[in-house]
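Chemist: Take this structure first; my questions come after.
Please treat every number below as a calculation from the coordinates, not as lab data. Every value quoted in this text rests on a predicted model; they were computed, and no experiment measured them. Positions of Cβ are generated from backbone atoms using ideal geometry, with glycine treated the same way; all protein chains shown enter the neighbour counts.
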Amino acid sequence: MTKIKFWKVQACGNDFIMVNNTSGLIEPNMYSALAEKLCNRRFGIGADGIIFITDEPSFDFEMNYFNSDGSGPVMCGNGGRASIFFVVESRILNSREFLFLSSDGPHKGIYGKDGIYVTVKGGDAKKVSFGGKDMYFVDTGAPHVVVIEKGIDWIDIDSFAKPIREQFNSNVNLIEKADNGWKIRTFERGVEGETLSCGTGSVASAIVINSVLRNRFPIRLKAKGGELEVRFDGKYYWLGGDVKKVFIGEINL
């Protein structure tokens, strides 16, 4: 029986199982099944997703992210930030700036004093309609629909978002103007429920807030799990915020 060590890490409430697989002990064809098994909150460790860190030529590392339902690999903004935290704090790498690979291509990352930031790809906000309501589709390495709403704290997000998720095969974000920024709630594809925050969803929402609502960067978004900041330097969208270790453990596969 194979025993592996793991870290449980949360990035603004978006929680991940982190596994150092630079040794290649775990075969990539096992990733999906392990995601389903280990991310189960009743019979496993419990998490929104699992990340296997591997070596990749020409990059500092590769982030292999799988959702709790086993789908993947996909890009995850908070997962990228969690990966930076993990490789630094577990001393896999001795650096503060990184170039890493994810399923959608290369990304930059910084372990800074004011937070952990990663670059996230940004697409145009395309107006779409569902149920007679205008909303916006944005691809940030993962597909997102952004809905501008009022009173999002009181919306039953499962019943509201599921039909939109199925129609566009995407994640669904609800945003609302708040004091000193914006509020956001996200229904995540692959988790098939609300998560406490979503990195690529926050970037998609910031793109809508900037391009449609004409708010300037940086844009702050308050999720249930904490606050995320999206910056734009003219070339890259940078997603930043806190990351924390929850616990370290071992488990038999």
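Chemist: Once you put a point 7 Å from the Cα of Ile251 and another 7 Å from the Cα of Arg231, both along the Cβ direction, what distance in nm separates them?
Modeler: Reported label-point gap for Ile251 and Arg231 is 3.5 nm.
Chemist: When DSSP assigns beta bridges and you keep just the ones with both residues in the chain, what percent turn out antiparallel, to the nearest 5?
Modeler: Roughly 80 percent of the DSSP beta bridges within the chain come out antiparallel.
Chemist: Once the piece of chain linking Asp179 and Glu89 is laid out straight, how much longer is it, given 0.36 nm per residue of separation minus the C-alpha distance between them?
Modeler: 29.0 nm
Chemist: In degrees, nearest 10, range 0 to 90: what is the angle between the Cα axis of helix 157-168 and the longest Cα principal axis of the chain?
Modeler: Value to nearest ten degrees: 90.
Chemist: Further, regarding this structure: Specify the inter-centroid distance of region 93-159 and region 2-71, based on alpha-carbon positions, in whole Å.
Modeler: 20 Å
Chemist: Using a Förster distance of 25 angstrom, determine the FRET efficiency expected from the C-beta separation of Lys127 and Ile157, and round it to 0.05.
Modeler: 0.70
Chemist: Could you sort out which of Lys162/Lys245; Lys5/Lys244; Lys8/Lys108; Lys8/Lys113 sit more than 26 Å apart by Cα distance in this structure?
Modeler: Lys162/Lys245
Chemist: Pop a pseudo-label 7 angstrom from the Cα along the beta-carbon direction at both Phe43 and Met30 and give the gap in nm to one decimal.
Modeler: Modelled inter-label distance: 1.9 nm.
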